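The block underneath contains the structure these notes are about, expressed in structure tokens.
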Amino acid sequence: QVRLVESGGGLVQAGGSLRLSCVASGIIFRGNTVAWYRQAPGKQRELVARVFSSGGTYYVDSVKGRFTISRDNAKNTVFLQMNSLKPEDTAVYHCNTVVSLADYWGQGTQVTVSS
């Protein structure tokens, strides 16, 4: 059974930092692209960042220079380091990967940034 489990969310003041983790079981992150998405109340789900199997990364413009996605293949974990957080970063953050055309999502972790 495939599971993605996110953790690390919480309540933080604007300008603060959080580090999100996504641990996989039942699949191997190595060799696969892993992404972080977020969904704020009343808004569509938004791609935040991706880390490719090559190690390359992609970030949506709104988080460039503030967020860093990384992977620890030995721990089968992907991280999202979030610095200089803004109230508009408030959302539920989900990790996602596609393996053999199957789309896997975690349950999400809530990030709330107060002004």
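The values are calculated or read from the model by the stated rules, or taken from the named source; none is laboratory data. Please read these numbers as outputs of a predicted model, since none were measured by experiment. Cβ: placed from backbone, ideal geometry, glycine included. Neighbour counts: every protein chain shown. With ligands, DNA and RNA removed, areas are computed over all heavy atoms of the protein, side chains included. Shrake-Rupley method; radii C 1.70, N 1.55, O 1.52, S 1.80 Å.
As a calculated quantity, the FRET efficiency between THR68 and GLN1 at R0 = 22 Å, using C-beta atoms, amounts to about 0.15.
Along the Cα-to-Cβ line of SER100, 7 Å from the Cα, sits a label point; which residues in the stretch 19-39 have backbone N less than 13 Å from it? Inside the label zone: 26-28.
Using a probe of 1.4 angstrom and keeping all protein chains present, the accessible surface of the chain works out to 53 square angstrom per residue. Within the same chain, aspartates and glutamates fewer than 8 places from LYS75 are excluded, and of the rest, those with a Cα less than 20 Å from its Cα are GLU6. What's the carbon and sulfur percent of the chain's accessible surface, probe 1.4 angstrom, rounded to a whole number? Answer for the chain is 48 percent, counting heavy atoms of protein chains only.
The slack in the chain from ARG30 to THR57, taken as 0.36 nm per residue of separation less the alpha-carbon distance, amounts to 8.3 nm.
Which aspartates and glutamates, if any, have their Cα less than 20 Å from the Cα of LYS64, not counting same-chain residues under 8 positions apart? Once the sequence-local aspartates and glutamates are set aside, what remains near LYS64 is GLU46, GLU88, ASP89. Within the chain, antiparallel bridges make up roughly 90 percent of the DSSP beta bridges whose residues both belong there.
Each Cα pair under 8 Å and six or more residues apart adds its separation to the average, and for the chain the resulting relative contact order is 36 percent.
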